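Just so you know, all these numbers are worked out from the coordinates, no wet-lab data involved. Given the structure is predicted, the values throughout are model-derived calculations rather than measurements. Glycine also receives a Cβ, built like all others from the backbone with ideal geometry; neighbour counts cover every protein chain displayed.
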Amino acid sequence: MDIETVLMGRALIDEELRYAEIGIADGKIVTVGSYVSGGERRIELGTSMTILPGFMDPHVHLRDPGMTQKEDFSTGTAAAVCAGVTTVLDMPNTKPPVYNVDTLLEKKASVKGRSYCDYGLFAAITPETNSVLMAKFVPGFKLFMGSTTGNILLNDDELLVPAVKEALSTGKRVSVHAEDDSMILKEPEMCTRDHLRNRPAAAEHNAIRRLASNFKGQKINICHITTSEGLDIARAAGFTTEVTMHHMMFEVDRSSNAYYKTNPPIRDINTRDALFKRFVAGDITMIGTDHAPHTVADKSQEFDAAPGGMPGVETTMPLVMNMVRNGTIPLNQAVRMGAQAPGEAFGLKKGRIAEGYDADFAIFDLRRSSVIDPRKLHSKCGHTQYGGMEAVFPDTVIIRGEVQVEGTEFCGTKIGVDICG
């Protein structure tokens, strides 16, 4: 195969930062070495640039179809690309919810040709879901043990266990919203403290224990883990785990308003700090944003009526890269949690700079940081909880050999493909 493009510069390869030349053909990495000949296009990057594999967000809610006033596939994936995220996995609680072949194929048809990055579409696990029939069309399945946006709750073990067993039998990973719904209170809520009271940490712990008693050592992924105790239970069971920026950076008293209402809830400062320490220690498998955009009008309602969720797909990895810049975590860890681990967890040839992998790259100048400006973000929802925070956005983003961000400016076209097309 003739090499079309050669990318040259300092790259992170097998956890080693070194000069490399990367040969690309037909959207794939075909060779990596100290010198690669040929290539109609040779892209030489300056010594200040660091070439990383493109990041993957294993947990987004792009609200398409059915709630596109909040977000749609084009705006959500544009936001992702501008963060260096080259693949997103979209959750099934859209309208209609995706839990059978018909709703899945309808959603696939509706978003085709509208994405700036590669994507996969999850299917929800319900008693009616035929996981065997759907497996080839999805990167994984989603189980909602706790109530959240959408009506696809499954928390009764009599129904849950056989449904999850069937999904796992396909070889696909099952990502779980792990809050035991029977432990979630329905008391009126006026503020974030009330929301935290209604969704106690014990609900997370019990949900994970129930999963561990039935599926120990199997391909279960615990989404948006919020507690160090829950993490210990999940790790002991051999599950992968996922953490969000908002559960690591915010605590319940930061604000009482609905902009900080999310499921699971923002917890107390000690719980947050303990979780962040586990993140820094590298005890969590991967980073997911749970990007859950709602409009300003949605979030401006009375607290009880306002929906839960925060946007994060455009800010999370730039915040993580700023942690690398200031020495909070090493570069290898950011790449492992943001690219390699999600690629491995969901069985994709993404997340590494190696032969046979997709030619997806996020290229950063780690000398330069900027302040997050909500007016410059691409999500349709129009707000962020991270405004004013320091971040490192990518200088260049390449997806399957095609430049989507150049000189920090978005220049993308809708080249994204369904990874389970």
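At a glance:
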read-out	value
Residue-span extension gain [MET190 to GLU355] - 0.36 nm each, minus C-alpha spacing	54.0 nm
Candidates GLU229, GLU314, GLU302: whichever shows maximal mean-square fluctuation once the chain is modelled as a Gaussian network with Cα springs under 10 Å	GLU302
Cleavage-rule hits (trypsin sites (Lys or Arg not before Pro)) in the stretch 118-216: DSSP loop, at most 12 neighbouring Cβ within 10 angstrom	LYS186, LYS216
Near-label residues of the stretch 327-361 by backbone N, under 16 Å of a point 7 Å along Cα→Cβ of ARG18	353-355
Loop-located GluC sites (Glu not before Pro) in the stretch 1-109, at most 15 other Cβ atoms within 10 Å (DSSP)	GLU15, GLU40
DSSP-defined beta bridges in the chain - what % are antiparallel, rounded to 5	50
Computed FRET value (nearest 0.05) for ARG375 with ASP268, which takes r as the C-beta separation and R₀ as 22 Å	0.10
Within the chain, helix-based [θ] at 222 nm, where runs of 4 or more DSSP H residues each add -39,500 (n - 2.57), nearest 500	-7000 deg cm²/dmol
Spatial separation of Cα centroids for the stretch 22-47 and the stretch 176-241, in angstrom	45
Rg to Rh quotient for the stretch 54-345, alpha carbon positions, Kirkwood Rh	0.93
Between 0 and 90°, nearest 10: helix 316-325 axis offset from the chain longest Cα axis	60
Potential extension, SER169-SER255 segment - 0.36 nm per residue separation minus Cα distance	26.6 nm
